[in-house]
Amino acid sequence: MPVSRLALTDFRSYPSALIEPGPGFVLLSGENGAGKTNLLEAVSLLSPGRGLRGAALSEMARIDGAGGFAVAARLGDVEVGTGTQPTAPERRQVRINTAPSSVNSLSEWLSVLWLTPAMDRLFLGSAGDRRRFLDRLVLALEPGHAHHYSRYEAAMRARTKLLTDEAPADPSWLAALEQQMAEHGTAIARARSRTVADLGQRTLDAPEDEFASADIQLEGWEQADLAAQLRDSRRRDSAAGRATVGPHRQDLLVIHRAKQMSAARSSTGEQKALLLGLVLAHAELVTERRGDPPILLLDEVAAHLDPKRRAALFARLEGRGQVWMTATEATLFEGVGQASRFHVAGGSLSPH
């Protein structure tokens, strides 16, 4: 469902702000540092995780504010709110129709995907960056993925602590944690495999336009008897101070299909086109599976595309649900039809 109302309190550069966008394009223009990306970050917090910047919650509270923040949104007939209290700046709270709820429950109401300038080097960055990108794609298709991921991470942290403590680890407690990791880790790996397979097929069916088509596959850890692997690697993991096997060791490999070249070896322009192509194909897949398109947050994307690719992007996005886009100049949105347009300046916004 699109966001029909977004209200911020003490969030980043905004003491307070209110925006009521339409269901299609939401175009935000303004100078660098005006607060455009802050608005996108607020929308990204309507899904599980740490938002499009991956920042600590305490960093999101306005510097001169009371110490907490609030983001409230209307999605159809549903009111969603999230934020923190000054007394617990790193504890995120969520309310659905005023009732307390879990952070992971947000994925049941909407899916949010984003592209930011920081992701331009995704294919050259760490495997962890690509896993987080993939898990965001998985979450949009399978909301339960967030539950399995958080339980797996918690069990892995507890196991590492046991293995690295000076006191000998209790074998039965280790076995219980490894069984939890195996249960949730297998669910994570299977969900990733399903998403990679389905998205790969979707990219094959994508229209031939300015966005290069990609082949994708998982690398690294193969699905296996994870509990047995963890049991056999206790000594090695104790020395390493971390788990050396499991889905947290996987990586996403992206290939430029036409050139049969890895994305990491492609040009900067080709990498951006591949990334955009993946996100657009995934948005179409989510729409088909869930019945509603995901909300797309595209930060400064238009500025880095040539006019031909920019026109192709707008054409692919037309009628695809709510798409929030930022740019330093409103002229970069030329070619977009009906849209909600806002000018952002100094922590405030006005219709444009």
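For the reader, a short list of remarks on this structure follows.
- Single unsatisfied condition, residue 308 versus (1) among the charged types (D, E, K, R); (2) in a helix (DSSP H, G or I); (3) surrounded by 14 or more Cβ atoms within 10 Å (Cβ to Cβ): (3)
- Scope the range 41-88; condition free of Cβ contacts under 8 Å to residues at least 60 places away in the same chain, within 22 Å of residue 1 (Cβ to Cβ) and not hydroxyl-bearing (Ser, Thr, Tyr); matching residues: 41, 42, 45, 51, 77, 79, 80, 81
- Hits in the range 192-209 (condition: over 15 Å from residue 254 (Cβ atoms), part of a helix (DSSP H, G or I) and either at pLDDT below 85 or touching a strand residue (DSSP E or B) at 6+ places or on another chain (Cβ under 7 Å) (or both)): 193, 205
- Qualifying residue in the range 19-26 (condition: assigned to a strand (DSSP E or B) and either surrounded by fewer than 18 Cβ atoms within 10 Å (Cβ to Cβ) or touching a Leu at 6+ places or on another chain (Cβ under 6 Å) (or both)): yes
- Yes/no for residue 176 being free of Cβ contacts under 8 Å to residues at least 24 places away in the same chain, assigned to a helix (DSSP H, G or I) and under 28 Å from the mean Cα position of the chain (by Cα): no
- Residue pairs meeting the criteria (Cβ under 8 Å; at least 6 apart or on separate chains; first at negative phi, in the range 193-209; second open to solvent by 60 Å² or more (accessible area, probe 1.4 Å) and not hydrophobic (A, V, I, L, M, F, W, C)): 193/223; 196/217; 200/217
- Where a residue in the range 89-106 is more than 15 Å from residue 68 (Cα to Cα) and its partner, wherever it lies, is open to solvent by 100 Å² or more (accessible area, probe 1.4 Å) and at pLDDT 95 or above, with Cβ under 7 Å and at least six apart: 101/95
- Checking residue 265 against (1) touching a Ser or Thr at 6+ places or on another chain (Cβ under 7 Å); (2) open to solvent by 60 Å² or more (accessible area, probe 1.4 Å); (3) of a type in the set (Lys, Arg), the condition it does not meet: (1)
- Sole exception among (1) closer than 22 Å to residue 139 by Cβ; (2) out of contact with any Asp or Glu (no Cβ under 8 Å at 6 or more places or on another chain); (3) surrounded by 13 or more Cβ atoms within 10 Å (Cβ to Cβ) for residue 78, by number: (3)
- Qualifying residue in the range 314-322 (condition: part of a helix (DSSP H, G or I), open to solvent by less than 40 Å² (accessible area, probe 1.4 Å), of a type outside the set (A, V, I, L, M) and more than 16 Å from residue 29 (Cβ to Cβ)): yes
- Test: residue in the range 94-103 that is more than 30 Å from residue 300 (Cβ to Cβ), open to solvent by 30 Å² or more (accessible area, probe 1.4 Å) and within 19 Å of the chain's Cα centre (by Cα): yes
The values are calculated or read from the model by the stated rules, or taken from the named source; none is laboratory data. Please read all numbers here as calculations on a predicted model, not as lab measurements. Cβ: placed from backbone, ideal geometry, glycine included. Neighbour counts: every protein chain shown. What goes into the accessible areas is simple: the full protein's heavy atoms, side chains included, and nothing from ligands, DNA or RNA. Shrake-Rupley method; radii C 1.70, N 1.55, O 1.52, S 1.80 Å.
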